[in-house]
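The values are calculated or read from the model by the stated rules, or taken from the named source; none is laboratory data. A quick note: this is a predicted structure, and the numbers were derived from the prediction, not measured. So basically every Cβ, Gly included, is an ideal-geometry build from the backbone, and we count neighbours across all protein chains shown.
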Amino acid sequence: MRVGFAGLGHMGLPMATRLADHGLTLTVWNRTASRAAPLAARGVPVAGSPAALAAGSDVLITMLADGQAAREVWSALLPACRPGCTGVDMSTTGPSAAREIAAEAARHGADFLDAPVSGSTALAEQGTLTTMAGGPAEVFERVRPVLAALTTRQVHLGPAGAGAAMKLAVNIMIAATNQAVAEALALAADAGITPASAYDTLAASAVASPFLGYKRDAYLADDAPVAFTTALMAKDLELALSLAGHAGLALPVATAARRSLADACAAGYADADFACVARLLRVGVRDAHATS
Ligand SMILES: NC(=O)c1ccc[n+]([C@@H]2O[C@H](COP(=O)([O-])OP(=O)(O)OC[C@H]3O[C@@H](n4cnc5c(N)ncnc54)[C@H](OP(=O)(O)O)[C@@H]3O)[C@@H](O)[C@H]2O)c1
């Protein structure tokens, strides 16, 4: 089975690297070709265009920024795909984009799953992500061995768009947790507790979670690498609240988290890790003390 992988960003590069580590026959493509260099250096072929990637692949996987990027790349992949090709979009796009791409795939005779992931770069490196899939169950079962090279858990949730919708549900909880961590650290800082002591206490408390475990450096170390940008998390909250709006749901916690993320973007932190919300709130506490 020949696998083509498009989108070698923070998540896509470690995911494609895992496929190469599993010995799958892999070709990659990325809009900015230089980001493919680490894979090219170990002998993974780099396609010159999405069409070239599609022409040589039985399974196509994408890990792109958002719905617009996914629509653009799939509209270049699908006309060139091989008969019986299976497409899997693992980006977070929202259910509308997922259903549109699935319909376009069907017009080109390709099977398609939306299969976004939960977890971040460290879990992508370890292959311990969770994927939540929407699309035909038999397509999910057929492509599951490839998904299993990237993820520990693969959950099939329903027809096209179901995985994309579930991913937004997960991310309103991540964004709400991010906001809650920020507020807890700010309150503790106001009481003179160091961020590290406060964080480690949270991580040992009743709310301990894998998220608190793998995000420790992002919350505490100024030089921690960016895993998930504030801009992309803000995008996910926009998608979630738009979906909620159509359903007549208010989602007050998600609305508050979106406001914090939008404020962080407006303050110049769009490309910082979304954990910056906590640092901005702590700085606010410090500044409030300085001026009182
Ligand atoms: N980072 C995380 O922790 C995390 C966790 C779970 C899910 N996700 C989701 O996974 C997806 C990827 O996230 P990421 O953090 O890897 O993002 P990223 O580092 O910003 O990478 C985005 C990728 O999309 C490509 N891209 C963007 N616009 C494009 C376009 N118009 N045409 C072609 N390619 C385009 C970029 O190509 P260039 O290199 O040319 O810019 C890059 O390969 C997002 O949907 C995100 O919400 C992220």
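Restricting attention to segment 110-126, the residues being polar (S, T, N, Q) and part of a helix (DSSP H, G or I) number 2. Only one of the listed residues (Thr27, Thr62) is under 21 Å from Ala98 (Cα atoms), of a type in the set (Ser, Thr, Tyr), touching a residue at least 24 places away in the same chain (Cβ under 8 Å) and in contact with a helix residue (DSSP H, G or I) (Cβ under 9 Å, 6 or more places away or on another chain). That residue is Thr62. Might you let me know whether segment 172-193 holds any residue that is outside any strand (DSSP E or B), in contact with a Gly (Cβ under 9 Å, 6 or more places away or on another chain), under 26 Å from Thr17 (Cβ atoms) and within 14 Å of the ligand (Cβ to nearest atom)? No: zero hits. Taken over segment 96-125, residues that are among the acidic types (Asp, Glu) and within 19 Å of Ser242 (Cβ to Cβ) amount to 2. Take Ala105 and tell me if it is buried (at least 18 other Cβ atoms within 10 Å of the Cβ) and either assigned by TED's automatic domain parsing to the domain that holds Leu19 or assigned to a loop (DSSP other than H, G, I, E, B) (or both). Yes; evaluated as a whole, the condition is true for this residue. Filtered by the rule that a residue be crowded, with 22+ Cβ neighbours inside 10 Å and small (Gly, Ala, Ser), segment 134-159 gives Gly134, Gly135. Taking the criterion of being surrounded by 13 or more Cβ atoms within 10 Å (Cβ to Cβ), more than 22 Å from the chain's Cα centre (by Cα) and not in a helix (DSSP H, G or I), would at least one residue in segment 206-217 satisfy it? Checked against the condition, which is being surrounded by 13 or more Cβ atoms within 10 Å (Cβ to Cβ), more than 22 Å from the chain's Cα centre (by Cα) and not in a helix (DSSP H, G or I), segment 206-217 yields at least one hit.
Okay, residues lined up against (1) outside the structural domain of Thr93 (by TED's automatic domain parsing); (2) touching a Ser or Thr at 6+ places or on another chain (Cβ under 9 Å); (3) within 16 Å of the ligand (Cβ to nearest atom); (4) at pLDDT 95 or above:
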residue	(1), (2), (3), (4)
Phe228	yes, yes, yes, yes
Ala231	yes, no, yes, yes
Lys235	yes, yes, yes, yes
Glu238	yes, no, yes, yes
Leu241	yes, yes, yes, yes
Leu249	yes, no, no, yes
Val253	yes, no, no, yes
Arg259	yes, no, no, yes
Ala266	yes, no, no, yes
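Would you say Ala41 is away from the ligand (no atom under 13 Å from the Cβ) and either aromatic (Phe, Trp, Tyr) or free of Cβ contacts under 8 Å to residues at least 40 places away in the same chain (or both)? Yes, satisfied. Scanning segment 1-19 for residues that are of a type in the set (A, V, I, L, M, F, W, C), more than 10 Å from the ligand (Cβ to nearest atom) and over 16 Å from Thr151 (Cβ atoms) yields a single hit, Met1.
The residues of segment 1-58 that are in a loop (DSSP other than H, G, I, E, B) and among the acidic types (Asp, Glu) amount to a single one, Asp58. The listed residues are Gly94, Gly56, Gly87, and the only one of them that is more than 23 Å from Ala227 (Cβ to Cβ), touching a residue at least 12 places away in the same chain (Cβ under 8 Å) and touching a helix residue (DSSP H, G or I) at 6+ places or on another chain (Cβ under 8 Å) turns out to be Gly87.
In the set (1) closer than 28 Å to Tyr219 by Cβ; (2) in a loop (DSSP other than H, G, I, E, B), Ala160 fails one condition alone, (1).
If you go through segment 79-101 and keep only what is part of a helix (DSSP H, G or I) and acidic (Asp, Glu), you end up with just Glu100.
Among (1) crowded, with 18+ Cβ neighbours inside 10 Å; (2) within 16 Å of the ligand (Cβ to nearest atom); (3) not in a loop (DSSP other than H, G, I, E, B), where does Ala76 come up short? Looking at each condition in turn, Ala76 falls short on (1). The number of residues in segment 240-255 being free of Cβ contacts under 8 Å to residues at least 60 places away in the same chain and either assigned to a helix (DSSP H, G or I) or under 23 Å from the mean Cα position of the chain (by Cα) (or both) comes to 7.
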